[in-house]
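Okay, structure first, notes after.
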Amino acid sequence: MNTRIILLLNLVLISLLLAKNQLPERILTPAEKNRKVAQIKGKIVTEYDVFGPFKIENTPKYLSKEQREEKISKYLLTEILADEGLKHGYDSLLNFDQTKRFLLEKEAVLKLYDDLFIHSVINDQEIENYYQNNQSFFLKDYQDSKELILTVLKKEKEQEISKEVGFYLDSLKKAYQVAYNEDLFRMVASINLPTQDLLMDSLKKIDQSYYNQNLISYNKQIVRFKDLVEAIKNLPPFAVFNTRKISFLKTITEGPIINKILLEEAKKRGFLENKEVISRALKKLRPYIAKMYGKHLFVESKYLPTNDEMVNYYLEHKRDPELMSEKKVRVYEIFIPFDKENLKQSKMKAIIKLENFLKDIKEGDDFFKYAKFYHRDFSFDGDLGYIFENDFGKVSKQAVTMQAGDISEVIIQPYAASIIKVTEVFEPRLYIYEQVVDLIRRKIITKKQTAAQEKFKIDKFKEYNVVIY
């Protein structure tokens, strides 16, 4: 092989290796194979604890090492805050009652679901066999892994379980005598329009007297016609095709009544007092406890600054952009739009015309004479008013670089061209103290809170023997 070619290939290879080394390492998260990511008080924390199981509860993403560590650290801190909150009785606060009740009822219904359908499709031996064959996937003992195994197997047998659930719900609706207004469902299903906008326009034309009519009823629980209209409005566009099916229309509206019936069935079986259900609900409650305890620990009132601290901050940060006004310039413009129907030719004509105007102006002609006749519809005689430093657009970016009296070259935009003149320039100025006192107070509070949170994290990670791998 030619020596020059070999040398060239080596250079390409070196360049690729250098580029690879410069790129931050990105890791698929969660990965298909579970991994140990941390330890807290000797207890293993796995990737699936932090990020959820692979392709079951979320879509895997490529994260940098720093992003992964940040999420793992946040998970561990939440666990610590929950434990500390439980020590201080935060699970018995009155403002948790509603959340606790909601989670308990939800877990009771899920227990009913598991007992009726999951265990008829998935038996304990199958769960154990799955664990034995996939121990690297779970990284914990059988009892601690059982819930995750069920989640995996539920996903695998989703169609089989859904069929069983459908039969059961149909029998429940008959047993509880749930009443459906079939005429209203048929009326909506018959509209048969291809897009959501057209369907909604058609529903709006229906006599308003229909809107408060009962669509589904059971006991004192009622779903009205207006609830169906709202459900259709909130559908993703791809699902609109299904509104032609009465069964689909029932599915998207009957949820509140079905949930009520399922809860009654769960109560009959005593699931609200079931230890497993209570344990699951308390586990789901942990993030709420962590959040409330964290709010108590780092409440803003603990970090209010003194007047001296605020004045000192103002003096020490007087060059910070956030304590200063933006630079602004007063701008006038000669503006010619392009004809979109004949873009190429009209663009050329507009640029030539403006170049000729610019030549005449540089030779002493009056800029404002042209601006008076060639301007944007919203401007008066070409006056664009004040343009600020952080405004976007070609005209704005050009204007803030100019001095008072400057006239630009021709500025070409996607569908227009222009020449601008800056008449006034106002450089950034430090706001007076009274104008930024609230901003300064917020800055100091945030700084103190962040420092306190970081110290708490360091101290507690040490106390809880946290190790991040």
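Quick look at the values:
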quantity: Residue 199 being more than 16 Å from residue 108 (Cα to Cα), in a helix (DSSP H, G or I) and either under 31 Å from the mean Cα position of the chain (by Cα) or modelled with pLDDT under 90 (or both); calculated: yes
quantity: Selection status of residue 410, among the β-branched types (Val, Ile, Thr), touching a strand residue (DSSP E or B) at 6+ places or on another chain (Cβ under 6 Å) and under 30 Å from residue 315 (Cβ atoms); calculated: no
quantity: Any hit, the range 336-343, residues being free of Cβ contacts under 8 Å to residues at least 60 places away in the same chain and either crowded, with 16+ Cβ neighbours inside 10 Å or not polar (S, T, N, Q) (or both); calculated: yes
quantity: The range 122-143 - residue that is part of a helix (DSSP H, G or I) and over 24 Å from residue 161 (Cα atoms) and, of those, modelled with the lowest pLDDT; calculated: 136
quantity: Conditions (1) closer than 30 Å to residue 83 by Cα; (2) loosely packed, with under 11 Cβ neighbours inside 10 Å; number of the one not met by residue 457; calculated: (2)
quantity: Residues satisfying the stated conditions in the range 195-214, i.e. closer than 17 Å to residue 241 by Cβ, of a type outside the set (A, V, I, L, M, F, W, C) and in contact (Cβ under 8 Å) with a residue 12 or more places away in the chain; calculated: 195, 196
quantity: Listing of helices (runs of 4 or more DSSP H) fully contained in the range 283-373 that carry 1 or more residues being modelled with pLDDT of 95 or more, at positive phi and over 36 Å from the mean Cα position of the chain (by Cα); calculated: none
quantity: Qualifying residue in the range 172-179 (condition: assigned to a helix (DSSP H, G or I), under 31 Å from the mean Cα position of the chain (by Cα) and among the hydrophobic types (A, V, I, L, M, F, W, C)); calculated: no
quantity: Subset of the range 355-402 (residues that are touching a Lys or Arg at 6+ places or on another chain (Cβ under 7 Å) and more than 14 Å from residue 333 (Cβ to Cβ)); calculated: 388, 389, 400
quantity: Matching residues in the range 149-171 - criterion: being of a type in the set (Ser, Thr, Tyr) and over 34 Å from the mean Cα position of the chain (by Cα); calculated: 168, 171
quantity: Residue in the range 51-68 that is modelled with pLDDT of 95 or more, in contact with a Phe, Trp or Tyr (Cβ under 9 Å, 6 or more places away or on another chain), part of a helix (DSSP H, G or I) and aromatic (Phe, Trp, Tyr) present; calculated: no
quantity: Residue match in the range 131-142 (condition: in contact with a strand residue (DSSP E or B) (Cβ under 7 Å, 6 or more places away or on another chain), within 26 Å of residue 30 (Cβ to Cβ) and surrounded by 14 or more Cβ atoms within 10 Å (Cβ to Cβ)); calculated: yes
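The values are calculated or read from the model by the stated rules, or taken from the named source; none is laboratory data. Since the model is a prediction, treat every value here as computed from it, not as a measurement. All Cβ positions, glycine included, derive from the backbone under ideal geometry; neighbour counts span all protein chains shown.
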